[in-house]
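Here's the structure, in C-alpha cells; my notes come after.
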Amino acid sequence: MTERVDKSVPVAAPYIARFEQLGFGMFVHFGLYSLLGRGEWVRELEHIPAEEYEPLARKFAPADMGEIVKVAKAAGCRYVTLTTRHHDGFSLYDTRGVRNADGFDALHTPAGRDLVAEFVARCRENDILPFFYHTTLDWHRPEFNDDFPAYLEYLRDSVEQLCRNYGRIGGFWFDGNWSRPDADWQEAELYRLIRRLQPEAMIINNTGLGARGAAGREEIDAVTYERGMPGPVDRRGQSKYVAGEMCETLCDHWGKAAEDVNFKSVPQLIGELCECRKVGANFLLNVGPDADGTVDNMQRGTMECIGRWMRVYGKAVYNGRPFLYYPDRREFLLRDVYDPHTAYLFAFDPRSFVSPDPEKAAESRIVLDDIPAEVRSLRWLDNAETPPFEQRGAVLELTMTPFPYGRSYPVRVAEVEFAR
C-alpha cells in the first residue's frame with residue numbers, strides 16, 4: 001500500500017515526532033496551594049495577602065515524588081509535566097543559582113530538598129520523560145508589575161537553572177503570557193537560551209482558554225488546547241511542523257480542591273484521549289496531589305482505570321498516526337508509524353457489548369469508506385478475535401461482536417492489516 005504524502009506539509013523535526021509518539025502524558029499541579037486544598041488560584045481569587053499565604057512554606061513537607069510518578073506509570077503515561085513554579089512564585093527546585101532569588105523554594109521548607117531533582121530521578125527510574133511547567137506570570141515578584149525587564153531577567157535565570165541542573169528533559173510548558181497580552185515578553189531570548197542548553201527540548205507556551213490552537217511564535221513546537229478538544233492542525237504551507245496537545249483536568253480544578261467532586265468519568269476521559277489521537281494530538285491529563293505529595297483515591301483510581309484500558313490498547317495510542325478521519329462520525333483509523341500496512345480502527349458505541357449469553361449480545365455494524373487497499377485481516381486487540389467483516393471496493397463493513405463476558409471497555413480497537 002502506497003502512503004500518500006502531502007508535500008505542502010513540512011516534515012516534523014525528529015524531537016517533535018518523538019513527542020507525538022509519547023501520546024499520553026500526566027500533568028501535575030503541586031505547590032503551596034496544595035496545603036489549602038482549594039485550587040491553584042486560591043491566593044489570587046481569595047485575595048490572600050502575601051504575608052498570610054507565603055508562610056505556608058513553613059508547613060510544606062511532601063513525601064517522595066516517586067508517589068506521583070507511580071500514578072503516571074500505572075495510567076500508561078509516557079511523560080509527566082510538573083509545575084516547577086506556578087503563578088504564586090513558589091519554586092519546587094533549588095533557586096540558589098538564580099540571581100536575585102529570595103529563597104521562596106522547596107529547599108527552604110521542611111522538605112529541605114530539591115523536589116524537581118527528585119522528580120526527574122523518579123521519572124528516569126520508571127522510563128518516563130520529565131517535562132517542566134514554568135509560569136511566566138508571577139504574583140510573588142514585585143518586579144512583574146514594577147520593573148518588567150528586570151523580572152524577565154529573573155525568569156530567564158530561573159529557566160537556565162532548569163536547563164543546566166537536571167540532565168536532558170522532554171521540554172518546557174510555559175504559562176502566563178496571556179496575563180499581559182500587549183507586553184514584550186522577550187520570548188526570542190528565552191527560547192534561544194533553551195535551544196542552546198536543551199536543543200531537543202519541546203518548547204510549548206500555553207495560549208489559554210481564549211486562543212486554543214493558536215500557533216504563536218516560530219520557536220513554538222506544539223500548540224495547546226486547554227480543556228478543549230483539538231481539531232486537525234493545519235500545517236499546509238507552514239515553515240515548520242508543530243505538534244498539538246490538549247490538557248485536561250480530572251475534576252474542575254488543576255491544583256488539589258478537596259471539595260470538588262465533579263469528576264469526569266473514565267469513559268469520557270478515554271474518549272478524549274482517543275479524540276486527541278484521531279487528529280495526532282497528545283493528551284495531557286492532570287492530577288492535583290495532596291500537600292504530602294500523595295494522590296487521593298478518586299484521582300488514583302481514575303488513572304488506574306485508564307491504565308487498564310491502555311494496557312490492552314496502548315499500542316494503537318502510542319504508535320498510531322492520523323490516517324482516515326470521518327468528520328461526521330467518531331470511528332477513525334490510525335496508521336502504525338512503523339508499518340504503513342497496519343492500521344488501528346477505533347470503535348465507539350454507547351451500548352454495552354457484554355452479555356452472559358453471547359448469542360443474545362448486542363451487536364452493531366460499522367460502515368467505513370475511503371479504505372485505500374484490500375483488508376487482509378482484522379482482529380480486536382483485546383482478545384485477538386476476528387469480527388465478521390466485508391469489503392466492497394473502498395467500503396468496509398464490520399460487525400461489532402461482543403466482549404467476552406466479564407470485560408467491557410468504552411472504546412474498542414481493532415488491528416487492521418492491509419495487503420502489501
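The values are calculated or read from the model by the stated rules, or taken from the named source; none is laboratory data. Values in this document were obtained by computation on a predicted structure and should not be read as measured data. Here the Cβ positions follow ideal geometry from the backbone for every residue, glycine too, while neighbour counts run over all protein chains shown.
Here are a few things to note about the model shown:
- Residue within segment 127-146 that is over 28 Å from the mean Cα position of the chain (by Cα), farther than 19 Å from Val287 by Cβ, modelled with pLDDT of 95 or more and acidic (Asp, Glu) present: yes
- Looking across segment 236-267, the residues that are more than 21 Å from the chain's Cα centre (by Cα) and either modelled with pLDDT under 95 or within 23 Å of Tyr15 (Cα to Cα) (or both) come down to Arg236, Gly237, Gln238, Ser239, Lys240.
- Residue count, segment 225-247 (criterion: on the phi < 0 side of the Ramachandran plot and free of Cβ contacts under 8 Å to residues at least 40 places away in the same chain): 5
- Restricting attention to segment 386-417, the residues being within 23 Å of Pro267 (Cβ to Cβ) and surrounded by 12 or more Cβ atoms within 10 Å (Cβ to Cβ) number 18.
- Per the conditions (1) crowded, with 21+ Cβ neighbours inside 10 Å; (2) part of a loop (DSSP other than H, G, I, E, B); (3) charged (D, E, K, R), the sole criterion not satisfied by Arg277 is (2).
- Considering segment 120-132, the residues that are touching a helix residue (DSSP H, G or I) at 6+ places or on another chain (Cβ under 7 Å) and in a helix (DSSP H, G or I) include one that is farthest from Ile203 (Cα to Cα), namely Arg122.
- Residue in segment 242-250 that is hydrophobic (A, V, I, L, M, F, W, C), touching a helix residue (DSSP H, G or I) at 6+ places or on another chain (Cβ under 9 Å) and under 29 Å from Leu36 (Cα atoms) present: yes
- If only residues of segment 362-372 that are of a type in the set (A, V, I, L, M) and either surrounded by fewer than 17 Cβ atoms within 10 Å (Cβ to Cβ) or outside the structural domain of Glu331 (by TED's automatic domain parsing) (or both) are counted, the one that is modelled with the highest pLDDT is Val367.
- Only one entry in Leu190, Leu197 is over 17 Å from Val242 (Cα atoms) and crowded, with 20+ Cβ neighbours inside 10 Å, namely Leu190.
- Any hit, segment 217-235, residues being loosely packed, with under 15 Cβ neighbours inside 10 Å and not in a loop (DSSP other than H, G, I, E, B): no
- Of the listed requirements (1) in contact with a His (Cβ under 8 Å, 6 or more places away or on another chain); (2) in a loop (DSSP other than H, G, I, E, B); (3) of a type outside the set (Lys, Arg), Phe174 misses just one: (2).
- For segment 102-122, the set of residues classified as in contact (Cβ under 8 Å) with a residue 40 or more places away in the chain and closer than 17 Å to Pro142 by Cβ consists of Phe104 only.
Let's see how each residue does on (1) charged (D, E, K, R); (2) modelled with pLDDT under 95:
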position: Pro49; (1), (2): no, no
position: Phe60; (1), (2): no, no
position: Ala63; (1), (2): no, yes
position: Lys73; (1), (2): yes, no
position: Arg85; (1), (2): yes, no
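- Test: residue in segment 92-108 that is touching a strand residue (DSSP E or B) at 6+ places or on another chain (Cβ under 6 Å), modelled with pLDDT of 95 or more and hydroxyl-bearing (Ser, Thr, Tyr): yes
- Candidate set from segment 45-90 (those that are of a type in the set (D, E, K, R) and free of Cβ contacts under 8 Å to residues at least 12 places away in the same chain); member that is surrounded by the most Cβ atoms within 10 Å (Cβ to Cβ): Glu46
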